[in-house]
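The values are calculated or read from the model by the stated rules, or taken from the named source; none is laboratory data. Note that the coordinates shown come from a computational prediction; the quantities given were computed from them, not determined experimentally. Please note: Cβ atoms are built from the backbone with ideal geometry, for glycine as well, and neighbour counts cover all protein chains shown. All accessible areas refer to the heavy atoms of the entire protein, side chains included, with ligands and DNA or RNA removed. Shrake-Rupley method; radii C 1.70, N 1.55, O 1.52, S 1.80 Å.
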Amino acid sequence: FERTFIDTKERYIINDVDPFNFYGDKLVLDAGCGSGKVTSAIAKFGAKKIYGIDLTEEGINFAIDRSKVFPEGQNINYKVGNCKSLPFDDNYFDIVHSNGVIHHTDDYEQCLKEFSRVLKPSGKLWIFVMGRSGMFEIIADTVRNIMKDVDRSLFMKYLETLGFSSGRIYWITDHCYAKYNWKSKLEFENLLYKYGFSNLKQLKRGINIDQNELNFKNKPYAELKFGEGQLKR
């Protein structure tokens, strides 16, 4: 969790965005919060109140337990929920944050429609989805086809025996099991415009492990490997 806070802060600062100013005293939705790592970072950036939603009660309970270990966690409210049908009123949030979530759903557009609905007219959407991703996309789709008959929990235990951190295990299993709905940068931007978003800004810089940073620095074969990579708006 501390590593996520440090990395998230660095990603914003490199893009000339002060996360403490961006989230400070704001009402925020973390749509698809997972274990709550980024939700916790947003709380530490000074958000007034954060609601974190995710599909499983098990994940939400884990996030709730983690929120109890730092003071800002008292500003987080976790609940089971679905990005396709958000349990919140219209024009409710200052910021909707969605980090690598809607490209795993079967209704990409409905999620964007819901984000637009719950945002205030002056609100901001921070969203990360995968673009068309070159060889990475081809390999990821192939691996998921291969792994469909391998028990996920057993595979996670195997990765633990190899000494992988919990964050790395989550990242690996995500690409081995989670469904992906790939869209190009142009398709993604057109959907954002369709649902009322404007003044789009892509965060082009990241930390050294981010695909967009590798592409930005023109690392050898980066574009061939990662295509459009990580689309962060």
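Would you be so kind as to identify which of Leu200, Ser166, Gln211 lies farthest towards the positive end of the dipole of segment 92-233, taking Lys and Arg as +1 and Asp and Glu as -1 on Cβ and the Cα centre as origin?
Value: Leu200.
Would you mind working out the magnitude of the charge dipole of the chain relative to its Cα centre, with +1 at each Lys and Arg C-beta and -1 at each Asp and Glu C-beta, to the nearest 20 Debye?
The calculated dipole for the chain is roughly 420 debye.
Tell me which aspartates and glutamates have Cα within less than 18 Å of Lys157's Cα, excluding those fewer than 8 residues away on the same chain?
Glu58, Asp149, Asp174
Rounded, prolate or oblate: pick one for segment 107-210, where a ≥ b ≥ c are the square roots of the eigenvalues of its C-alpha gyration tensor, a/c under 1.5 means rounded, and failing that, prolate if a/b is larger than b/c, else oblate. Intermediate values should be presented prior to the final figure.
Numbers: a/c = 2.16, a/b = 2.02, b/c = 1.07.
Prolate, since a/c reaches 1.5 and a/b exceeds b/c.
Rounded to the nearest 500, what is the 222 nm mean residue ellipticity of the chain from helices alone, with -39500 (n - 2.57) per DSSP H run of 4+ residues and division by all residues?
-13000 deg cm²/dmol
I'd like the distance between the alpha-carbon centres of segment 12-63 and segment 76-110, rounded to an integer number of Å.
12
Calculate what fraction, in whole %, of the accessible area of the chain sits on carbon and sulfur atoms when a 1.4 Å probe is rolled over the protein chains.
52
Rank these by accessible area, largest first, 1.4 Å probe: Phe155, Phe20.
Highest to lowest solvent-accessible surface, that is Phe20, Phe155.
List the residues whose amide H sits under 5 Å from the amide H of Cys33, counting only those 5 or more places along or on another chain, with H placed 1.01 Å from N in the peptide plane.
Close amide H contacts, sequence-distant or interchain: Ile53, Asp54.
Need one word for segment 46-144: rounded, prolate or oblate. Basis is the Cα gyration tensor (sqrt eigenvalues a ≥ b ≥ c); a/c below 1.5 gives rounded, then a/b vs b/c decides.
Oblate.
Given the options Glu109, Glu58, Glu72, state which has the largest fluctuation in a GNM of the chain using a 10 Å cut-off (strictly under) for Cα springs.
Maximum among the listed residues: Glu58.
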